[in-house]
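See below for the structure under consideration.
The values are calculated or read from the model by the stated rules, or taken from the named source; none is laboratory data. None of these values were measured; they are calculated from a predicted model. Cβ placement follows ideal geometry from the backbone for every residue including glycine, while neighbour counts extend to all protein chains displayed. Quick note on the areas: whole protein, heavy atoms, side chains included, nothing else; ligands and nucleic acids left out. Shrake-Rupley method; radii C 1.70, N 1.55, O 1.52, S 1.80 Å.
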Amino acid sequence: MTGAINLPGADGSKPLAGWRVIVPRGGPWGDSVSASLRARGASPIIAPMINFAPTDDQPALESALAKLAAGGFDWLTVTSATTVDVLASYGVAIPDSTKVAAVGETTAAALVAAGYRADIVPSEENSARGLLEEWEAATDGVVPLRVLALRSAIAKQVLSIGLARIGHHVEAVVAYRTVGVPVAKKVVDDVRAGKADAILVTSGSVAEQVQNQLGPIPERTLVAAIGPQTKKDAAAVGLRVDVVAAARTSESLIDSVVNSALARA
(Lines give C-alpha, C1' and ligand atoms only; values in the text may rest on other atoms or scores of the structure.)
Protein backbone atom coordinates (compact mmCIF):
# COMPACT_ATOMS: atom_id res chain seq x y z
CA MET A 1 0.00 0.00 0.00
CA THR A 2 2.55 2.49 -1.14
CA GLY A 3 2.60 5.22 -3.74
CA ALA A 4 2.41 8.98 -3.82
CA ILE A 5 -1.37 9.09 -4.18
CA ASN A 6 -2.12 6.69 -1.34
CA LEU A 7 -1.63 9.18 1.48
CA PRO A 8 -1.64 12.98 1.89
CA GLY A 9 1.38 14.54 0.23
CA ALA A 10 4.32 16.02 2.09
CA ASP A 11 2.78 19.45 1.57
CA GLY A 12 -0.39 18.31 3.31
CA SER A 13 -2.44 18.15 0.10
CA LYS A 14 -5.35 15.75 0.07
CA PRO A 15 -6.57 14.68 -3.39
CA LEU A 16 -10.13 13.92 -2.25
CA ALA A 17 -10.64 17.12 -0.28
CA GLY A 18 -14.29 18.09 -0.50
CA TRP A 19 -15.38 14.74 -1.91
CA ARG A 20 -18.35 12.96 -0.32
CA VAL A 21 -17.97 9.22 -0.86
CA ILE A 22 -20.67 6.60 -0.23
CA VAL A 23 -19.25 3.53 1.55
CA PRO A 24 -21.71 0.62 1.08
CA ARG A 25 -20.62 -1.56 4.00
CA GLY A 26 -20.41 -0.99 7.73
CA GLY A 27 -18.48 -2.96 10.35
CA PRO A 28 -14.68 -3.21 10.49
CA TRP A 29 -14.38 -3.05 6.70
CA GLY A 30 -16.45 0.11 6.46
CA ASP A 31 -14.51 1.72 9.30
CA SER A 32 -11.17 0.86 7.68
CA VAL A 33 -12.19 2.20 4.27
CA SER A 34 -13.62 5.35 5.83
CA ALA A 35 -10.34 5.98 7.66
CA SER A 36 -8.42 5.62 4.39
CA LEU A 37 -10.80 8.01 2.65
CA ARG A 38 -10.45 10.58 5.43
CA ALA A 39 -6.65 10.36 5.13
CA ARG A 40 -7.07 11.49 1.55
CA GLY A 41 -9.37 14.35 2.49
CA ALA A 42 -12.75 12.79 1.68
CA SER A 43 -15.89 12.82 3.79
CA PRO A 44 -17.05 9.19 3.85
CA ILE A 45 -20.74 8.40 4.31
CA ILE A 46 -21.21 4.87 5.62
CA ALA A 47 -24.48 3.59 4.20
CA PRO A 48 -24.68 -0.22 4.54
CA MET A 49 -26.74 -1.59 1.64
CA ILE A 50 -26.48 -5.32 2.27
CA ASN A 51 -26.48 -7.47 5.34
CA PHE A 52 -26.57 -11.13 6.07
CA ALA A 53 -29.66 -13.01 7.17
CA PRO A 54 -29.56 -16.42 8.84
CA THR A 55 -29.11 -19.44 6.63
CA ASP A 56 -32.17 -21.61 6.07
CA ASP A 57 -30.22 -24.52 7.57
CA GLN A 58 -29.03 -23.16 10.89
CA PRO A 59 -28.31 -26.61 12.44
CA ALA A 60 -25.92 -27.47 9.59
CA LEU A 61 -24.01 -24.21 10.04
CA GLU A 62 -23.82 -24.53 13.82
CA SER A 63 -22.60 -28.13 13.50
CA ALA A 64 -19.90 -27.10 10.99
CA LEU A 65 -18.72 -24.20 13.17
CA ALA A 66 -18.53 -26.46 16.23
CA LYS A 67 -16.47 -28.94 14.23
CA LEU A 68 -14.25 -26.07 13.03
CA ALA A 69 -13.64 -24.86 16.58
CA ALA A 70 -12.80 -28.43 17.63
CA GLY A 71 -10.06 -28.68 14.99
CA GLY A 72 -12.03 -30.90 12.62
CA PHE A 73 -10.78 -29.16 9.47
CA ASP A 74 -7.35 -28.61 7.97
CA TRP A 75 -8.52 -25.57 6.02
CA LEU A 76 -11.30 -23.00 6.09
CA THR A 77 -12.11 -21.14 2.88
CA VAL A 78 -13.64 -17.67 3.21
CA THR A 79 -15.02 -16.08 0.05
CA SER A 80 -16.47 -12.79 1.29
CA ALA A 81 -16.26 -10.18 4.01
CA THR A 82 -19.82 -11.12 4.96
CA THR A 83 -18.67 -14.64 5.83
CA VAL A 84 -16.25 -12.99 8.26
CA ASP A 85 -19.21 -11.14 9.80
CA VAL A 86 -20.93 -14.49 10.34
CA LEU A 87 -17.84 -16.00 11.98
CA ALA A 88 -17.54 -12.99 14.28
CA SER A 89 -21.24 -13.00 15.15
CA TYR A 90 -20.91 -16.60 16.37
CA GLY A 91 -17.71 -15.81 18.25
CA VAL A 92 -15.94 -18.59 16.38
CA ALA A 93 -12.38 -19.31 17.49
CA ILE A 94 -10.35 -20.79 14.62
CA PRO A 95 -7.74 -23.18 16.05
CA ASP A 96 -4.08 -22.77 15.10
CA SER A 97 -4.20 -26.21 13.44
CA THR A 98 -6.69 -24.91 10.86
CA LYS A 99 -5.36 -22.68 8.11
CA VAL A 100 -7.50 -20.01 6.49
CA ALA A 101 -7.75 -19.28 2.77
CA ALA A 102 -9.20 -15.90 1.75
CA VAL A 103 -10.51 -15.40 -1.77
CA GLY A 104 -9.03 -11.92 -2.04
CA GLU A 105 -7.45 -8.94 -0.32
CA THR A 106 -10.79 -7.44 0.74
CA THR A 107 -11.77 -10.67 2.46
CA ALA A 108 -8.31 -11.02 3.99
CA ALA A 109 -8.52 -7.47 5.35
CA ALA A 110 -11.93 -8.24 6.87
CA LEU A 111 -10.49 -11.36 8.53
CA VAL A 112 -7.62 -9.42 10.07
CA ALA A 113 -9.91 -6.60 11.18
CA ALA A 114 -12.11 -9.16 12.98
CA GLY A 115 -9.12 -10.70 14.75
CA TYR A 116 -8.59 -13.68 12.46
CA ARG A 117 -5.81 -14.42 9.97
CA ALA A 118 -5.44 -15.27 6.29
CA ASP A 119 -2.81 -17.88 5.47
CA ILE A 120 -3.32 -17.74 1.72
CA VAL A 121 -4.63 -15.04 -0.60
CA PRO A 122 -4.45 -15.48 -4.40
CA SER A 123 -1.53 -13.52 -5.80
CA GLU A 124 -2.87 -13.23 -9.34
CA GLU A 125 -6.68 -13.31 -9.54
CA ASN A 126 -8.69 -12.41 -6.43
CA SER A 127 -11.55 -14.83 -6.99
CA ALA A 128 -12.65 -18.36 -6.17
CA ARG A 129 -11.16 -19.48 -9.48
CA GLY A 130 -7.89 -17.69 -8.70
CA LEU A 131 -7.68 -19.37 -5.30
CA LEU A 132 -8.36 -22.75 -6.86
CA GLU A 133 -5.58 -22.24 -9.41
CA GLU A 134 -3.04 -21.52 -6.67
CA TRP A 135 -4.30 -24.08 -4.17
CA GLU A 136 -1.95 -26.95 -5.01
CA ALA A 137 1.18 -24.79 -4.75
CA ALA A 138 0.00 -23.16 -1.53
CA THR A 139 -0.72 -26.50 0.14
CA ASP A 140 2.35 -28.33 -1.21
CA GLY A 141 0.10 -30.71 -3.13
CA VAL A 142 -1.14 -32.51 0.00
CA VAL A 143 -4.26 -34.61 -0.74
CA PRO A 144 -6.71 -35.17 0.81
CA LEU A 145 -7.29 -32.20 3.10
CA ARG A 146 -10.39 -31.62 5.22
CA VAL A 147 -11.86 -28.33 4.01
CA LEU A 148 -14.79 -26.29 5.31
CA ALA A 149 -16.13 -24.07 2.53
CA LEU A 150 -18.47 -21.41 3.88
CA ARG A 151 -20.54 -19.58 1.28
CA SER A 152 -23.61 -17.46 0.68
CA ALA A 153 -26.86 -19.01 -0.47
CA ILE A 154 -26.50 -17.45 -3.95
CA ALA A 155 -22.78 -18.13 -4.50
CA LYS A 156 -21.63 -20.48 -7.24
CA GLN A 157 -19.70 -23.41 -5.78
CA VAL A 158 -16.64 -22.96 -8.01
CA LEU A 159 -14.15 -23.44 -5.18
CA SER A 160 -15.78 -26.30 -3.28
CA ILE A 161 -16.52 -28.31 -6.43
CA GLY A 162 -13.00 -27.70 -7.73
CA LEU A 163 -11.40 -28.82 -4.46
CA ALA A 164 -13.57 -31.93 -4.34
CA ARG A 165 -12.49 -32.83 -7.88
CA ILE A 166 -8.85 -32.66 -6.80
CA GLY A 167 -9.64 -35.20 -4.11
CA HIS A 168 -10.15 -33.15 -0.97
CA HIS A 169 -12.88 -33.82 1.59
CA VAL A 170 -15.02 -30.69 1.31
CA GLU A 171 -17.96 -29.68 3.46
CA ALA A 172 -19.75 -26.85 1.66
CA VAL A 173 -22.05 -25.07 4.08
CA VAL A 174 -24.32 -22.08 3.50
CA ALA A 175 -23.33 -19.49 6.09
CA TYR A 176 -25.84 -16.76 5.24
CA ARG A 177 -28.36 -15.28 2.87
CA THR A 178 -27.71 -11.82 1.45
CA VAL A 179 -30.48 -9.27 1.96
CA GLY A 180 -30.79 -5.61 1.07
CA VAL A 181 -30.71 -2.93 3.77
CA PRO A 182 -32.85 0.21 3.30
CA VAL A 183 -30.68 3.30 3.02
CA ALA A 184 -31.53 6.42 5.01
CA LYS A 185 -33.78 8.82 3.08
CA LYS A 186 -31.23 11.64 3.44
CA VAL A 187 -28.60 9.53 1.67
CA VAL A 188 -31.04 8.72 -1.13
CA ASP A 189 -32.05 12.37 -1.50
CA ASP A 190 -28.43 13.58 -1.45
CA VAL A 191 -27.32 11.08 -4.11
CA ARG A 192 -30.24 11.90 -6.40
CA ALA A 193 -29.54 15.60 -5.92
CA GLY A 194 -25.93 15.07 -7.06
CA LYS A 195 -24.44 15.75 -3.62
CA ALA A 196 -22.41 12.52 -3.58
CA ASP A 197 -19.13 12.70 -5.49
CA ALA A 198 -18.44 8.95 -5.58
CA ILE A 199 -20.04 5.61 -4.74
CA LEU A 200 -17.98 2.51 -3.99
CA VAL A 201 -19.41 -0.74 -5.36
CA THR A 202 -17.88 -3.85 -3.85
CA SER A 203 -20.03 -6.72 -5.16
CA GLY A 204 -22.89 -7.63 -7.44
CA SER A 205 -25.25 -7.55 -4.45
CA VAL A 206 -24.17 -4.01 -3.61
CA ALA A 207 -24.52 -2.97 -7.27
CA GLU A 208 -28.12 -4.20 -7.27
CA GLN A 209 -28.95 -2.24 -4.13
CA VAL A 210 -27.25 0.92 -5.42
CA GLN A 211 -29.29 0.77 -8.61
CA ASN A 212 -32.57 -0.13 -6.90
CA GLN A 213 -32.32 2.32 -4.01
CA LEU A 214 -30.25 5.20 -5.36
CA GLY A 215 -30.60 5.01 -9.14
CA PRO A 216 -30.53 6.51 -11.58
CA ILE A 217 -27.13 7.80 -10.47
CA PRO A 218 -26.35 11.37 -11.63
CA GLU A 219 -23.66 11.64 -14.30
CA ARG A 220 -21.44 13.78 -12.05
CA THR A 221 -21.27 11.03 -9.42
CA LEU A 222 -18.35 8.66 -9.95
CA VAL A 223 -19.28 4.98 -9.64
CA ALA A 224 -16.22 2.87 -8.76
CA ALA A 225 -16.28 -0.95 -8.90
CA ILE A 226 -13.82 -3.18 -7.08
CA GLY A 227 -13.23 -5.51 -10.03
CA PRO A 228 -14.24 -6.60 -13.55
CA GLN A 229 -16.78 -9.14 -12.30
CA THR A 230 -18.47 -6.50 -10.15
CA LYS A 231 -18.61 -4.24 -13.21
CA LYS A 232 -20.31 -7.04 -15.18
CA ASP A 233 -22.76 -7.66 -12.37
CA ALA A 234 -23.50 -3.93 -12.20
CA ALA A 235 -24.17 -3.81 -15.94
CA ALA A 236 -26.58 -6.72 -15.57
CA VAL A 237 -28.76 -4.66 -13.20
CA GLY A 238 -28.43 -1.46 -15.22
CA LEU A 239 -25.87 0.33 -13.05
CA ARG A 240 -23.29 2.48 -14.82
CA VAL A 241 -19.67 1.99 -13.72
CA ASP A 242 -17.14 4.74 -14.43
CA VAL A 243 -13.93 3.22 -13.09
CA VAL A 244 -12.68 -0.22 -12.06
CA ALA A 245 -9.99 -0.79 -9.45
CA ALA A 246 -6.69 -2.11 -10.82
CA ALA A 247 -6.65 -4.78 -8.11
CA ARG A 248 -9.51 -6.28 -6.12
CA THR A 249 -8.61 -4.52 -2.88
CA SER A 250 -10.17 -1.70 -0.91
CA GLU A 251 -6.98 0.38 -1.23
CA SER A 252 -6.94 -0.05 -5.00
CA LEU A 253 -10.62 0.89 -5.12
CA ILE A 254 -9.88 4.10 -3.23
CA ASP A 255 -6.88 4.76 -5.48
CA SER A 256 -9.17 4.53 -8.53
CA VAL A 257 -11.31 7.30 -7.04
CA VAL A 258 -8.18 9.36 -6.26
CA ASN A 259 -6.92 8.97 -9.84
CA SER A 260 -10.28 10.12 -11.19
CA ALA A 261 -10.25 13.12 -8.84
CA LEU A 262 -6.76 14.07 -9.99
CA ALA A 263 -7.82 13.72 -13.63
CA ARG A 264 -10.76 16.04 -13.02
CA ALA A 265 -8.67 18.66 -11.22
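Here are a few things to note about the model shown:
- On a per residue basis, the chain carries 45 Å² of accessible surface, using protein heavy atoms and a 1.4 Å probe.
- Range in the chain, longest, excluding exposed GluC sites (Glu not before Pro) [loop by DSSP; at most 11 other beta-carbon atoms within 10 Å]: 1-123
- Separation of the Lys195 and Ile154 label points, Cα + 7 Å toward Cβ, nm: 2.9 nm
- Ignoring lysines fewer than eight residues from Lys67 along the same chain, the ones with Cα atoms less than 28 angstrom from its Cα are Lys99, Lys156.
- Between the stretch 126-181 and the stretch 226-246, the alpha-carbon center distance in angstrom: 24 Å
- Counting only lysines at least 8 places from Lys186 when in the same chain, those with an alpha carbon closer than 30 Å to its own are Lys14, Lys195, Lys231, Lys232.
- A helix-only calculation puts the chain at -11000 deg cm²/dmol for mean residue ellipticity at 222 nm, using -39500 (n - 2.57) for each DSSP H run of at least four residues, averaged over all residues.
- For the stretch 142-265, the Stokes-Einstein estimate of translational diffusion at 10 °C and a viscosity of 1.306 mPa s comes to 96 µm²/s, using the Kirkwood hydrodynamic radius over alpha-carbon pairs.
- DSSP bridge pairs, the chain: antiparallel proportion in percent, nearest 5: 10 percent
- This model, with +1 at the C-beta of Lys and Arg and -1 at the C-beta of Asp and Glu, gives the stretch 129-176 a dipole about its Cα centre of some 240 debye.
- Environment charge of Val121, counting only residues whose C-beta is closer than 15 Å and scoring Lys/Arg +1, Asp/Glu -1: -3
- Rolling a 1.4 Å probe over the protein heavy atoms of the chain, with every protein chain left in place, gives an accessible area that is 52 percent carbon and sulfur.
- Farthest positive-ward along the stretch 90-249 dipole, Cα basis, beta-carbon charges - from Ala193, Tyr90, Ala113: Ala193
- Taking all Cα pairs closer than 8 Å and separated by 6 or more residues, the relative contact order of the stretch 53-162 comes to 30 percent.
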